[in-house]
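The values are calculated or read from the model by the stated rules, or taken from the named source; none is laboratory data. Values in this document were obtained by computation on a predicted structure and should not be read as measured data. Glycine gets a Cβ as well: all are built from the backbone with ideal geometry, and neighbour counts include every protein chain shown. Protein only, heavy atoms only, side chains kept; ligands, DNA and RNA dropped before computing areas. Shrake-Rupley method; radii C 1.70, N 1.55, O 1.52, S 1.80 Å.
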Number of protein chains: 2
Amino acid sequence: MATITVPQVVPSPVEDAEALMKAFQGWGTDEQAVIYILAHRDAAQRKLIRLAYEEKYNESLTQRLQSELSGDFQTAMSYWILDPVERQAVIANSATKCIDEEYPVIVEIAYANSPAELLKVKQAYHALYKRSLEEDVAANATGNLRDLLLALVSTYRYDGDEVNSGLAKSEAKIIHKAVGNGSITDHGELTRILGTRSKAQLVATFNYFSDEHSTTVTKALLHGEDPTGYTRALRIAARCIADTNKYLVKVLRSAMRSSGTDEESLSRVVVMHAEKDLRDIKEEFHKRASVALEQAVAKETSGDYKTFIMALVGSH
Amino acid sequence: MATITVPQVVPSPVEDAEALMKAFQGWGTDEQAVIYILAHRDAAQRKLIRLAYEEKYNESLTQRLQSELSGDFQTAMSYWILDPVERQAVIANSATKCIDEEYPVIVEIAYANSPAELLKVKQAYHALYKRSLEEDVAANATGNLRDLLLALVSTYRYDGDEVNSGLAKSEAKIIHKAVGNGSITDHGELTRILGTRSKAQLVATFNYFSDEHSTTVTKALLHGEDPTGYTRALRIAARCIADTNKYLVKVLRSAMRSSGTDEESLSRVVVMHAEKDLRDIKEEFHKRASVALEQAVAKETSGDYKTFIMALVGSH
């Protein structure tokens, strides 16, 4: 479930556009007013506001926000203002540009979406960039990591619940053999299985693996770290298959380590899930971190950025 | 353009269903009547006949045809009676089962369809087999051939005309280096480029290649034969990118060699294109083979199979 709150009586898109223009004018931007409006409108409403604003003032609201705001607040708002599918295409594109660091974002997008949703993201990518997500991933990554990421973003996975138990058993064995004792011995088979099998099938395979070897696939992969990122990408994939929300909680917790906040990751998860399933992720966060997500965010952020993210996570 | 002919006044689906039942009854099947009806109905009409037949006689027309007909005629009709998208899913599935020989069919399906059409084939595959085409291809092929086929069927290619000339130039160089002098030195890069770039981009890249090296990519690949089929699959991909119809003419000509007819390939190309673009393929065939497709088919086939294929290629 979503965490954002929308007022019971919402102003018309034109009224919202006018209020935004008012917030932009004069000495300095009235960031509180911007947040008060945009953090409390859903995607359909924000789209109508964008259209009303552009029709009335003959300029792009997205661009105006970029010039009015700054820092982490500006980045988070630039994601928030976009259509949810387009937003994921933009985030994926940005990740392909420094893929050696940002490949976890690609894995996350490949798995946090259903196959039908991922297809829509890829269609938005075509429309925005006149290229495919696949070619950008393939052109920027290298080696085994490239093969894995390409399989993850390109395969149109089967989305049904049917599971082939015999196959799950035999592929659990293949995974065990390929993961080896500390270093991966068969990248091709691991990429094939995690890159093409349906989520339901992979869950069954991972369950057989746990039953047989008294450890999870994720933990087995912990021993095989390699500098290319392949093993880490595989581990993220395995985590997302087992429980995507639990993985996102891990991302949020890492983003708010006391050693320094990773605003990029915090914004990404909050913005991408605030209208979708952030309430479930919040519950999981509370269980894991023994502190509410709101409290963690309040402690690790400040200023307009804090106000904005707090509004998106549903804090009053 | 299509080659099949549909009568100006078409009987109702129920009348056609009744005529088919009449053809099935009595001593032996009246194959001529079956051909007279089904070879002269388009996909939408055949679908209505299937529905009318199943409602009236409480049995599947597809299954009844399989038991009434035999040999190459039965195989060709079993493809023809299917919905065009479903038919490609069935043909692709059958190719995955003996992929070491049948991989050219997978390449053909990946390239003879637009990205949107290929997506529909993959959706039909999900519905029919409760699995993805990708996982079946990946599970049955091995090595470099697997990587190439997986990229071909899984990538949702960009379908626009935009071309990046700088990229075309640099990737033409990469291809030249990777193809080497007789044996391929970089499978990964060749798979990446042919597996993920848009058709328009690849055409531009191939043109730079020809300009620079006074030979085509297809010809350059002729020197690098390997036992795994990778080079041949790559060459088929390159041919399809350059000119899919020309490649299909080559398939038809090989299928009708004097050393023996390959009815499977002949049926596949004729059935898959009779309602779509077989007229263009016929023209190209005539130019290349200096004989009309009808004449070649008449010479190399016989019996009911001959009558059926001749009707599909538009011979009167």
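For the list (1) open to solvent by 30 Å² or more (accessible area, probe 1.4 Å); (2) more than 24 Å from the chain's Cα centre (by Cα); (3) closer than 30 Å to residue A:109 by Cβ, I need the number of the one condition that residue A:6 fails.
The single condition residue A:6 does not satisfy is (2).
Report yes if residue A:160 is surrounded by fewer than 22 Cβ atoms within 10 Å (Cβ to Cβ) and more than 8 Å from every other protein chain (Cβ to nearest Cβ), otherwise no.
Criteria not met by residue A:160.
Here is a list of conditions, (1) of a type outside the set (Asp, Glu); (2) in contact with a helix residue (DSSP H, G or I) (Cβ under 7 Å, 6 or more places away or on another chain); (3) modelled with pLDDT of 95 or more; (4) farther than 24 Å from residue A:273 by Cα, and residue A:43 meets all of them except one; can you say which number that is?
So residue A:43 meets the others, but not (4).
Considering each residue of the range B:297-316, count those that are in a helix (DSSP H, G or I) and within 19 Å of the chain's Cα centre (by Cα), and give that number.
Residues that pass the stated criteria total 7.
When you check residue A:282 against the structure, is it under 16 Å from the mean Cα position of the chain (by Cα) and part of a helix (DSSP H, G or I), yes or no?
Yes, satisfied.
Mind listing whichever residues of the range A:164-174 are touching a Phe, Trp or Tyr at 6+ places or on another chain (Cβ under 9 Å) and either outside any helix (DSSP H, G or I) or away from chain B (no Cβ under 14 Å) (or both)?
Hits for the range A:164-174 are A:169, A:172, A:173.
Where the second residue is among the polar types (S, T, N, Q) and the first is assigned to a helix (DSSP H, G or I) and lies in the range A:222-245, which pairs have Cβ atoms under 6 Å and are six or more apart or on separate chains?
The qualifying pairs are A:230/A:144; A:235/A:218; A:238/A:218; A:239/A:218.
Let me spell it out: the conditions are (1) in contact with a helix residue (DSSP H, G or I) (Cβ under 8 Å, 6 or more places away or on another chain); (2) closer than 30 Å to residue B:17 by Cβ, and residue B:126 meets all of them except one. Which number is the exception?
It is condition (1) that residue B:126 fails.
Could you check, for the range A:113-125, whether at least one of its residues is more than 24 Å from residue A:249 (Cβ to Cβ), within 13 Å of another protein chain (Cβ to nearest Cβ) and charged (D, E, K, R)?
yes
Just one of B:82, B:69, B:119 is out of contact with any Lys or Arg (no Cβ under 9 Å at 6 or more places or on another chain) and within 22 Å of residue B:304 (Cα to Cα); which is it?
Answer to the check: B:69.
For the range B:138-155, what are the residues that are part of a loop (DSSP other than H, G, I, E, B) and more than 7 Å from chain A (Cβ to nearest Cβ)?
B:141, B:142, listed by residue number.
Consider residue A:93 against the criteria (1) open to solvent by 50 Å² or more (accessible area, probe 1.4 Å); (2) within 14 Å of another protein chain (Cβ to nearest Cβ); (3) of a type outside the set (A, V, I, L, M): it satisfies all of them except one. Which criterion is unmet?
(1)
This table checks each residue for (1) closer than 29 Å to residue A:134 by Cα; (2) among the polar types (S, T, N, Q); (3) touching a helix residue (DSSP H, G or I) at 6+ places or on another chain (Cβ under 8 Å).
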residue: A:70; (1), (2), (3): no, yes, no
residue: A:95; (1), (2), (3): yes, no, yes
residue: A:98; (1), (2), (3): yes, no, no
residue: A:102; (1), (2), (3): yes, no, yes
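Return a yes/no flag: does the range A:126-145 have any residue that is at positive phi and either open to solvent by 20 Å² or more (accessible area, probe 1.4 Å) or not hydroxyl-bearing (Ser, Thr, Tyr) (or both).
Yes, some residue in the range A:126-145 is at positive phi and either open to solvent by 20 Å² or more (accessible area, probe 1.4 Å) or not hydroxyl-bearing (Ser, Thr, Tyr) (or both).
So, residue A:176, is that one assigned by TED's automatic domain parsing to the domain that holds residue A:206, open to solvent by 10 Å² or more (accessible area, probe 1.4 Å) and not basic (Lys, Arg) or not?
When the stated conditions are applied, residue A:176 passes them.
Residues that are more than 14 Å from chain A (Cβ to nearest Cβ), free of Cβ contacts under 8 Å to residues at least 40 places away in the same chain and not polar (S, T, N, Q): does the range B:64-84 have at least one?
yes
Quick one: would you say residue B:20 is part of a helix (DSSP H, G or I) and either surrounded by fewer than 20 Cβ atoms within 10 Å (Cβ to Cβ) or at pLDDT below 95 (or both)?
No: the conditions fail for residue B:20.
How many residues are at positive phi and open to solvent by 20 Å² or more (accessible area, probe 1.4 Å) when one looks only at the range B:210-230?
Counting residues in the range B:210-230 that are at positive phi and open to solvent by 20 Å² or more (accessible area, probe 1.4 Å) gives 1.
I'd like the full set of residues that are part of a helix (DSSP H, G or I), more than 14 Å from chain B (Cβ to nearest Cβ) and either open to solvent by 40 Å² or more (accessible area, probe 1.4 Å) or touching a Phe, Trp or Tyr at 6+ places or on another chain (Cβ under 7 Å) (or both), limited to the range A:181-209.
A:203, A:207, A:208, listed by residue number.
Name the single residue, out of those in the range A:75-89 being open to solvent by 40 Å² or more (accessible area, probe 1.4 Å) and assigned to a helix (DSSP H, G or I), that is farthest from residue A:153 (Cα to Cα).
Taking the candidates together, the pick is A:75.
For residues in the range A:210-219 being in a helix (DSSP H, G or I), over 21 Å from the mean Cα position of the chain (by Cα) and not hydrophobic (A, V, I, L, M, F, W, C), which is modelled with the lowest pLDDT?
Across the range A:210-219, the extreme among qualifying residues is A:219.
I'd like the full set of residues that are part of a loop (DSSP other than H, G, I, E, B) and open to solvent by 70 Å² or more (accessible area, probe 1.4 Å), limited to the range A:23-57.
Selection gives A:25, A:27, A:30.
Search the range B:261-298 for residues being without any contact (Cβ under 8 Å) to a residue 12 or more places away in the chain and charged (D, E, K, R), and hand back the single one that is least open to solvent (accessible area, probe 1.4 Å).
If we take residues in the range B:261-298 being without any contact (Cβ under 8 Å) to a residue 12 or more places away in the chain and charged (D, E, K, R), then B:262 is least open to solvent (accessible area, probe 1.4 Å).
For residue A:116, only one of the following conditions fails: (1) part of a helix (DSSP H, G or I); (2) more than 30 Å from residue A:42 (Cα to Cα); (3) open to solvent by 40 Å² or more (accessible area, probe 1.4 Å); (4) modelled with pLDDT of 95 or more. What is its number?
Only one criterion in (1) part of a helix (DSSP H, G or I); (2) more than 30 Å from residue A:42 (Cα to Cα); (3) open to solvent by 40 Å² or more (accessible area, probe 1.4 Å); (4) modelled with pLDDT of 95 or more is unmet by residue A:116, namely (2).
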